[in-house]
1. What about B:Glu349, is it more than 9 Å from every other protein chain (Cβ to nearest Cβ), among the acidic types (Asp, Glu) and not in a helix (DSSP H, G or I)?
2. Does A:Gly277 satisfy the criteria of being surrounded by fewer than 24 Cβ atoms within 10 Å (Cβ to Cβ) and not in a helix (DSSP H, G or I)?
3. Got at least one residue in the stretch B:116-125 being within 7 Å of another protein chain (Cβ to nearest Cβ) and touching a strand residue (DSSP E or B) at 6+ places or on another chain (Cβ under 7 Å)?
4. Name the residue that is nearest to the other protein chains (Cβ to nearest Cβ), counting only residues in the stretch A:324-378 that are among the aromatic types (Phe, Trp, Tyr) and without any contact (Cβ under 8 Å) to a residue 24 or more places away in the chain.
5. Among the residues in the stretch A:427-437, are any more than 21 Å from A:Ala326 (Cβ to Cβ), crowded, with 24+ Cβ neighbours inside 10 Å, over 20 Å from the mean Cα position of the chain (by Cα) and more than 7 Å from chain B (Cβ to nearest Cβ)?
6. Starting from residues that are crowded, with 22+ Cβ neighbours inside 10 Å, more than 7 Å from chain B (Cβ to nearest Cβ) and not small (Gly, Ala, Ser), keep the ones in the stretch A:469-494 and report whichever is farthest from A:Ser90 (Cα to Cα).
7. Cβ-Cβ under 7 Å, sequence separation 6+ or interchain: first residue in the stretch A:163-184 and facing chain B (nearest Cβ under 8 Å), partner part of a loop (DSSP other than H, G, I, E, B) and among the polar types (S, T, N, Q). Which pairs?
8. Which one is nearest to A:Pro489 (Cα to Cα) among residues in the stretch B:256-314 that are of a type in the set (Ser, Thr, Tyr) and modelled with pLDDT under 95?
Amino acid sequence: MSAHAQVHGVEDHHDDHGHHHKETFITKYIFSQDHKMISKQYLITGLFMGVIGILMSLLFRLQLAWPDHKFTIFEIFLGKWGTDGVMDPSVYLALVTIHGTIMVFFVLTAGLSGTFSNLLIPLQIGARDMASGFLNMVSYWLFFLSSVVMLFSLFVEAGPASAGWTIYPPLSALPQSIPGSGAGMTLWLTSIAIFIASSLLGSLNYIVTVINMRTKGMSMTRLPLTIWAFFVTAIIGVVSFPVLFSAALMLIMDRSFGTSFFLSDIYIAGEVLHHQGGSPVLFEHLFWFLGHPEVYIVILPAMGIVSEVMATNSRKPIFGYRAMVASILAIAFLSTIVWGHHMFISGMNPFLGSVFTFTTLLIAIPSAVKAFNWITTLWKGNLQMNTAMLFSIAFVSTFITGGLTGIILGDSALDINVHDTYFVVAHFHLVMGISALYGLLAGVYHWFPKMFEGRMMSKKLGYIHFWVTSIGAYGIFFPMHFVGMAGLPRRYYSNTAFPYFDDLADINVVMTIFAIITISVQVVFLYNFFHSIFYGKKGPKNPWNATTLEWTAEVKHIHGNWDGPIPHVYRWAYDYSKLNKDETDYVIAGQDFIPQNVPLQDNEDELDH
Amino acid sequence: MTAFLVVLVIILFGISVWQMSRIFQLAQGKPSVNSEIASDKDNNTQGYLMMGFLAFIYILTILTFWLWGDVLLPDSGSEHGAKIDNLMLISMVIIFLVGILTQWLLHYFAFIYRGNKAKRATFYADNDKLEFIWTIIPVIVLAGLIIYGLFTWTDIMNVDKDDDPLIVELYAQQFNWKARYGGNDNTLGEANVRLIEGVNQLGVDPADPNAQDDKIVTELHLPVGRKVLFKMRSQDVLHSAYMPHFRAQMNCVPGMITQFAFTPTITTAEMRQNDKIVDKVARINEIRKNKSVALTAAGEEPLETYEFDYILLCNKICGISHYNMQMKIVVESEEDYKAWLAEQPTLGEQLKSK
C-alpha cells in the first residue's frame, strides 16, 4: 500500500542534471531510489505497522481492565484464541510481545529514523540524494520484507512469538515451554535478522551521506540538530545492531542445531535436555548491548526533530547549540555502556551492578541539559502554536516525566523492588514510547508540506488530535506508576488470579478508558494525514518560515531536489529574529529569519555559536 | 467506585471536547490567507490551553495520590527494606520537585510567550554560565543519589557468612515454587536436574550426606529476626523470585545458582495488624463480597474472605501461567517456625518410603 501514497498530479519530472532515463510507475513509486519517495514508503509502512501495534495494545488493555468480561472483539480478532470472547493466556503474551516488537523496531526505529533521515539528510545538507540510492532502496525493501515476515508470523498454527519482546532464552528457545516459541519464534528471529540488515544498510548510507555530501559551506557545526541526531543515531545503530544479530544467530543455533550458547541444565516436559554450559545471562548481555542503545536510537531522532521544530516555531535560535550537540554525543557514548541496568537482578555480579548504576545516572546529566535548553529556547520566544510545535512542547513534558523515574530505575538498590513491575512499563512508555511518538508526529506535521509537494495538514484536526492524545497519554501512564509501586509484575494475563491485587481493578479500568479515547483519536490523525495527501491546502514554499535548506528546494518533487545549482551555506541553521547592528529591525528588514543560503549581510555581526 | 470513575472520566472528557469545540468556533474569525498555519488567534487559544494542561498535570497528580495512594506497598517487612524505602522517598521528593518546577516552566513559557505578530522574539543563542549551572546541579544531586544508592546496594547484596544465615533454596519451575531447607546441618545437598527422578523432584543428589536431612516444602516459613540466605535455582526457563513486601527480588536462572539475603522483621500476624494492610484487606473483601453476590445469584459458591499473607511472585515472563505462579510466605516466631519445620518430612525419609 505504501507505494500508492501519492498518485496525484504526476508528470514526468524535468531533469536538468544529466539523467535522461524514463521513469516508469515501478521505478517511481515502488522500487524508487529517490530518498523522498523512500522516506514516504518508510513513513506509511511505519504507520501501518503502528496501527497494528496500537490495536494490539487495545486488545490487551481490554483484557486487563475487565478480565471477567467476554468481548466479541476478541473472537473476531483472535479467532481460536478468543473463543466465546475469552482471551487465551497464551495470546495475551503474544500480543504484548508483538506490540513491543512492532512499536520499538518497526514504528519507532524504522518509521521514525527511517522516514526523517531519508527525507531530511539530503535536503538539509544540500545534497541531491543519498550517497547510494540503490542501497537506500534495498534498505527499505528489506524493512518491508521483515514487516511482512513479522505479520505473517501472526498467522502460524501455534501462534506468534510470545516470550516478551526481549525474547530471553530458554523460554524463547524451547517450544515445549510456550507455544509461541515454535514456528512463531523462528519467524520473529528471521524478521529481526532481515530488519537488522535493513537498518545497517540505511545507517551506513546516512553516515556516508552526512560526512561526504554536505554542500559548500555546510560545516559540521552548521548542521541543523536534526542532522546531528540522525547522524549519531546511525552510528549507534552500526555499533549495536550487529550485536543483536549475533545474539539472534546464536539463539537460532540453540533452537535448531542443538548448540548450548544460552542453555544449560534444563528439565522440561518430563525430560532432561542435553544442553550444558550455556548461560541465559550471556543472552541478556548481548540483547541489551543493542537493547539499551536502541532506546536512544528511538529517542535521538525525536530530540533532533523537536529541537528543530521548537526553534523554528519559537522564532528563536535553539538555546546552546554546542551543548545540544555535545549532549547528543555524550548520550550516544554513554548509551553503549549502561546496558547492565536492565540486569541488576539477573544474577550477574553485584559489583557490575554498581558500575552500571554509576554510568546510568551519568546519562541523566546530558539529558537534563537538553531539557533545560529546550525550556530556555521557549523563553522570550514568539511561539507559533502550530501542531508540530505543540507536539514538541509535549515531548519535553513527557520526556521529563518519564526521564525522572529513570533515576529510580537506574539506581540498583531501588530497582530491586520495581524491576519488571508496571513502574517500568510506565517509565519507558512515557520516556521513549510516547515521547518518540510525539517526535514522529511533530515531524509529520512539520514536514508534511515537504513530503507531499506543498500540501498541508489541517491544523484544526491537528489541534484536536494533539490535545486528546496528550491528555490521554498522561491518563494512561501516570496512574500506571501506582500499579507498579503496589508491586504488580508486568506481563500478567490477569492480576485477579489471587486476591492480593484485587483493589487495583479501578486503576486498570481508568487506564483502559484513557487508552480507548487516545487510540480512537488517532483516527482523526490518520484521516487528516491521508485526506491531506490528496486534498490538503497548498501552502507557501516555506510555510513555517524556517531557515534550513529543505525549504529552498523545489516544492514539486524532482530527482535531485534543486532545479538549479545546489545552494551554498553561509550561516548556521538558527538565525531566527536576529537583529541588525543598530538593533532597529531584523537583519533582513521585516523578515524574522535568515535562511542558511543567504550570505552574511553588511548590517549584521558574525557570531560564533 | 469503578462506575464513579468511569463516569468521572467520561464527563471530564466530554467537557474538554465541548470546551475545545467552543474554542475552535471562537477561533473561526475571518479566514486568514492560509488557514493551516497558526494565526495569532490560534497562538492565543493554544497558549491558554497550555496553562490548562499544566493544571491538568497537577490535578492528575493530586487526584491519583488521593484516589490510589493507599494501594502502594506497606512498610517493608525486612531489615534492608527500610533503607530502600528511605532512598526511594528521597528520590521521589527530588523527582517531584524537579518535575513540578520544570513542567511549570515549560507550560508557563509556552503560555506567556505565545506568538503575536506585534511581538519580537529575543535572539538568545547561548549562555555558558547558565548551562554550567544546570550541568553542575544535576551532577551534584546525582552524585549524592549514586553514593547513597551504591552504599545501600552493596550493603544488601554482600552477604556476610559470619551472620550464620538460614539457608533456603528457592526452586522455580513452570508454574510453581518449591523451597528446600538445609535441615539440621543448615547445608543444602548437591543437586542437578539430571538427578530428577520420581519423588526426588528437585534433583537432589541422594548420595550426598548433606542431602539426607533436607526438607522440601511448598509453603515458605521464615523465622522473624534471622537472616535468610536464599539460593535460587530454576529447572526450565528464567523465573524471578519477587517478594514485594520484603523489597527482595532475584532472577532464577537455569544452569546457575543465584542468591539474595534478607532479614524478616515483621511477622505475618503483625503485618495483618498494619493499618495499611487492614484497609487494603477490607477493600479487597468488599470487592469479593460484591463478586460473591453475583456468584451466588448464578448458583455458584461465594468467595472466601481474604486474609493477608506475604507472597512470593514470579516476575519474569515464564510461560502461559506466569500470572499465577506464586507461593505463600509465613513469617513467624522462632518457636512456631521450628515446630512447623519439625513436622515436615526429610528428603531421606521421602526417598526411603518410595
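1. Here the answer is no, as B:Glu349 does not meet what is asked.
2. Considered against the rule, which asks whether it is surrounded by fewer than 24 Cβ atoms within 10 Å (Cβ to Cβ) and not in a helix (DSSP H, G or I), A:Gly277 comes out as yes.
3. For the stretch B:116-125, residues within 7 Å of another protein chain (Cβ to nearest Cβ) and touching a strand residue (DSSP E or B) at 6+ places or on another chain (Cβ under 7 Å): present.
4. A:Phe372
5. Checking the stretch A:427-437: not a single residue is more than 21 Å from A:Ala326 (Cβ to Cβ), crowded, with 24+ Cβ neighbours inside 10 Å, over 20 Å from the mean Cα position of the chain (by Cα) and more than 7 Å from chain B (Cβ to nearest Cβ).
6. Here the answer is A:Thr469.
7. If the second residue must be part of a loop (DSSP other than H, G, I, E, B) and among the polar types (S, T, N, Q), the pairs left are A:Ala163/A:Ser172; A:Pro170/A:Ser177; A:Leu171/A:Ser177; A:Ser177/B:Gln174; A:Ile178/A:Ser162.
8. B:Tyr306
The values are calculated or read from the model by the stated rules, or taken from the named source; none is laboratory data. Quick caveat: nothing in here was measured; it's all calculated off a predicted structure. In this analysis, Cβ positions are derived from the backbone assuming ideal geometry, glycine residues included, and neighbour counts consider all displayed protein chains.
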